[in-house]
Amino acid sequence: MIKSITSFGAFWGMFLLSYSVQAEQTIAGGMDVSEGDPKAGKAKSELCHGCHGVDGMSIDPTTFPNLAGQYAGYIFKQVQDFQLGNRQDDTMSAMAGMVTSKEDLRDIAVYFQSQKKMKGKPTDSALAKQGAKIFKDGVPKSGVYGCVNCHGKNGKGKGPNNSLFPVIGGQTKAYLVKQLNDLKSGKRKNDPAGMMAAIAKKLSDKEIQAVAEYLAGQ
């Protein structure tokens, strides 16, 4: 199993090199997302507020994800994926189609990135402690690499120039569980090089619940 972890680590390193984890303009369809206007984005994002909140904190944590402090490049790419059909959701697929301008999408993405980074409510439960260990160390016996290596300390990301991997610390538990299960089942297929799908398939239902419990409290 150590060999398996090492092999995955080597793959991860080569993957990052091949993508070059370049600035957000590469991830965001050729646009320099960092040049977006957050003030304009606030007005343009009014359509999003009914689900994601004015400040990017979900009004219904059981259904809609937090966007507060999420990387603009990541938001931009996900909305484009919904528009292109690379990712599907009954609500977001329709809403994404209403943003017809890339410049508007850039402004909206930068607005949500400019908000105070999403924050959850910590818990000392045994499940959260198990999740913390999975997040930091992975699951060696299953060949699962530690989440921290891509998503940063406490899931708060590596930085806006590495928006390939989103902020997940402080995200809603229900959303995290759903995404991991969708990746595990193959329902969601827009993760880079299938990395997250490969990881999710090695996680048990209890491990998914545990890591989501931990991250939702960050």
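The values are calculated or read from the model by the stated rules, or taken from the named source; none is laboratory data. Not measured: the values here are computed from a predicted model. No Cβ is skipped: glycine too gets one built from the backbone with ideal geometry, and neighbour counts run over all protein chains shown. Accessible surface areas use protein heavy atoms only, side chains included; no ligands, DNA or RNA. Shrake-Rupley method; radii C 1.70, N 1.55, O 1.52, S 1.80 Å.
Overall dimensions of the chain, expressed as equivalent-ellipsoid semi-axes from the Cα gyration tensor (√(5λ), whole Å, largest first), are 28, 20, 15.
Sorted largest first by accessible area at a 1.4 angstrom probe radius, with every protein chain in place, the residues Thr100, Thr172 fall in the order Thr100, Thr172.
Between the Cα long axis of helix 126-137 and the first principal axis of the chain there is an angle of about 90°, rounded to the nearest 10. When only the Cβ of Lys, Arg, Asp and Glu is charged (+1, +1, -1, -1), the dipole of the chain relative to its Cα centre reaches about 840 debye. Taking all protein chains as they are arranged and a probe of 1.4 Å, the heavy atoms of Glu103 leave approximately 110 Å² accessible to solvent. Largest GNM mean-square fluctuation among Gly186, Gly69, Gly170, using the chain with Cα springs under 10 Å: Gly186. Can you tell me the 0 to 90 degree angle between the C-alpha axis of helix 102-114 and the longest principal axis of the chain, rounded to 10? Between the helix axis and the principal axis of the chain, the angle is about 60 degrees.
From largest accessible area down, sort Met195, Met98; use a 1.4 Å probe on the protein chains.
The ranking, largest first, comes out as Met98, Met195.
Relative to the longest principal axis of the Cα atoms of the chain, the long axis of helix 2-19 lies at roughly 20 degrees.
Expressed as a whole percent, the accessible area of the chain that falls on carbon and sulfur atoms is 56 (1.4 Å probe). Summing Cβ point charges (Lys, Arg +1; Asp, Glu -1) relative to the Cα centre of region 87-205 gives a dipole of roughly 480 debye.
Among the protein heavy atoms, those of Val139 account for about 10 Å² of accessible surface (1.4 Å probe, every chain in place).
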